[in-house]
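As structure tokens, the structure follows; a few thoughts come after it.
None of the figures in this text is laboratory data; all of them are computed from the coordinates on show. Just so it is clear, the structure is predicted and the values come from calculations on it, not from any experiment. Glycine also receives a Cβ, built like all others from the backbone with ideal geometry; neighbour counts cover every protein chain displayed.
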Amino acid sequence: MTQAAMAHDTAGGRFDVERVRIDFPILRTEVNGKPLVYLDNAASSQMPQPVIDRMVRYRTREHANIHRAVHTLSETATAAFEDTRGKVQRLLNAKEEREIVFTSGTTDAINLVMHGYGRKFIGEGDEIVVSHLEHHSNIVPWQMLCLEKGAHLKVIPVNDRGELLFEEYEKLLGPRTRLVAVTHVSNALGTITPAREIVAAAHARGVPVLLDGAQAAPHMRVDVQALDCDFYAFSGHKLYGPTGVGVLYAKGEHLDRMQPYKGGGDMILSVTFEHTEYNVPPHKFEAGTPPIEQVIVLGAAVDYVTALGFERIGAHETDLLDYATTEFNRLPGVRIIGTAERKAAVLSFEVKGVHPHDVGTLLNEEGVAIRTGHHCAQPVMKRFAVPATARASFAFYNTAAEIDALVAAVKKAQKVFG
């Protein structure tokens, strides 16, 4: 049993963050002689020791290619790989294991939908709806498709709080709308979009919906059947797992109709020079040697967060966000960018007279790690008339004391540049 699991069992329902932090060796790091305060979780979260141990176990005792041999190592690796598919199915409450496709990340998953679904079913004059909150990964592929097919990109506007204007969204849904692709949680602002309502409005007009869940899956329980979305994408490295692995959930009916994204081994049943017969989903979309180690380790990360419980994770992170928001609102010369009523654990801000990169540099000297820049969401920056923001993003292993350290570092930056 992990330290985190013991905390779950013995803390009487209270989230014992100090007990949980024991599982994360990197949190004992010092930066510039100060304890690391890691607040860049929206970019990539840290891995707990049980996940690291699973990586070591695979590398030292189980490494082999999968699906292609009958020897013991291959069979062991194959079983562990496919076991993760079942874990992800249960994590998302997908109807079938075959609806879970492994990719290299959220970006790859969205591109799979663009190539496999979009290029087959979207044509000249058709429309794709995205929102003003999107990460570039949920803009650029659709721009590429529109350019290729002669289709059009429509954008849902947001208000000054960073919330989608739902009535304007409904106006964009028309007879030529072929796909809606919207983030579940904004990486730049933390806004939680009304995903279920977005899906319902689109489905009322027969339009499928893709949700970018990169920032949602690590922080909240995701039920794709309750959402009724057609596609859902997320990345392993934001879910306390490794880089290089992601997931695309897609309804089985879509996977059956979609064309393969990549061609090669494992995605075929038979090949001749005259004809190729493709494999069944999900293997139809997993060409070549997959990220075997990363998928297996992702399974360990899923186990870890499931043991903690998303209700408890969400409650702790909400407390952190509320505390950080209160403290930042007390800071003169600091403006929070994105004040939606429903937010995940992201705090984007600007310090008057100080470029975000300078803020980040000064904070690093204090051991505080945040992200600065446009966060691959340049349309969001343009909407709020800022070149970039400083972004602190929280995980369940962060503490109120770390927020105090963040606030103190921001005050010090103001004095340096004041």
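Brief remarks on what is shown
- Exceeding the 28 Å Cα-Cα cut-off - candidates Lys120/Lys171; Lys87/Lys154; Lys262/Lys382; Lys149/Lys171; Lys95/Lys120; Lys238/Lys415: Lys87/Lys154; Lys262/Lys382; Lys238/Lys415
- Residues in segment 387-396 carry Karplus couplings, in order, of x, 5, 9, 8, 10, 9, 10, 9, 10, 5 Hz; the curve used is 6.51 cos²θ - 1.76 cosθ + 1.60 with θ = phi - 60°, and Gly or Pro positions show x.
- Couplings for segment 113-125, taken from phi via the Karplus curve 6.51 cos²θ - 1.76 cosθ + 1.60 with θ = phi - 60°, read 5, 4, 6, x, 9, x, 5, 8, 10, 10, x, 4, x Hz in order; Gly and Pro are left as x.
- Its Cα centre serving as origin, segment 153-247 has a Cβ charge dipole (Lys and Arg +1, Asp and Glu -1) of approximately 220 debye.
- Charge dipole of the chain about the Cα centre (unit charges at C-beta), most positive-ward option of Pro260, His316, Ile370: Ile370
- GluC sites (Glu not before Pro), loop per DSSP, at most 14 other Cβ atoms within 10 Å - longest free stretch of the chain: 125-273
- Taking amide H as placed 1.01 Å from N in the peptide plane, Tyr278 has its amide H under 5 Å from the amide H of Leu269, each at least 5 places away in sequence or on another chain.
- If only the Cβ of Lys and Arg carry +1 and only the Cβ of Asp and Glu carry -1, the dipole of the chain around its Cα centre is close to 600 debye.
- Estimated 222 nm signal from helices in the chain, with DSSP H stretches of n ≥ 4 weighted -39500 (n - 2.57), rounded to 500: -11500 deg cm²/dmol
- Volume per residue for segment 114-160 equals 63 cubic angstrom (convex hull of Cα atoms).
- Net dipole in debye of segment 295-418 [+1 Lys, Arg Cβ; -1 Asp, Glu Cβ; about Cα centre; nearest 20]: 580
- Across the chain, the fraction of Cα-Cα pairs farther apart than 34 Å, rounded to a whole number, is 33%.
- Think of the chain as a dipole: +1 on every Lys or Arg Cβ, -1 on every Asp or Glu Cβ, centred on the Cα centre; then among Val70, Ser270, Ala94, Ala94 lies furthest on the positive end.
- Along segment 326-333 the Karplus relation, 6.51 cos²θ - 1.76 cosθ + 1.60 evaluated at θ = phi - 60°, assigns HN-Hα couplings of 4, 5, 6, 5, 8, 8, x, x Hz to successive residues, with x for each Gly and Pro.
- Here's how it looks for Ile156: its modeled amide H is under 5 Å from those of Val130, Ser131, His132, which are all 5 or more places away or on a different chain.
- By the Stokes-Einstein formula, at 0.890 mPa s and 25 °C, segment 230-386 with its Kirkwood radius over alpha-carbon pairs has D equal to 124 µm²/s.
- Between Arg59 and Ala307, the simple spin-label model (points 7 angstrom out along Cα→Cβ) gives 2.1 nm.
- Cα gyration tensor, segment 1-133 - rounded (a/c under 1.5), prolate or oblate: oblate
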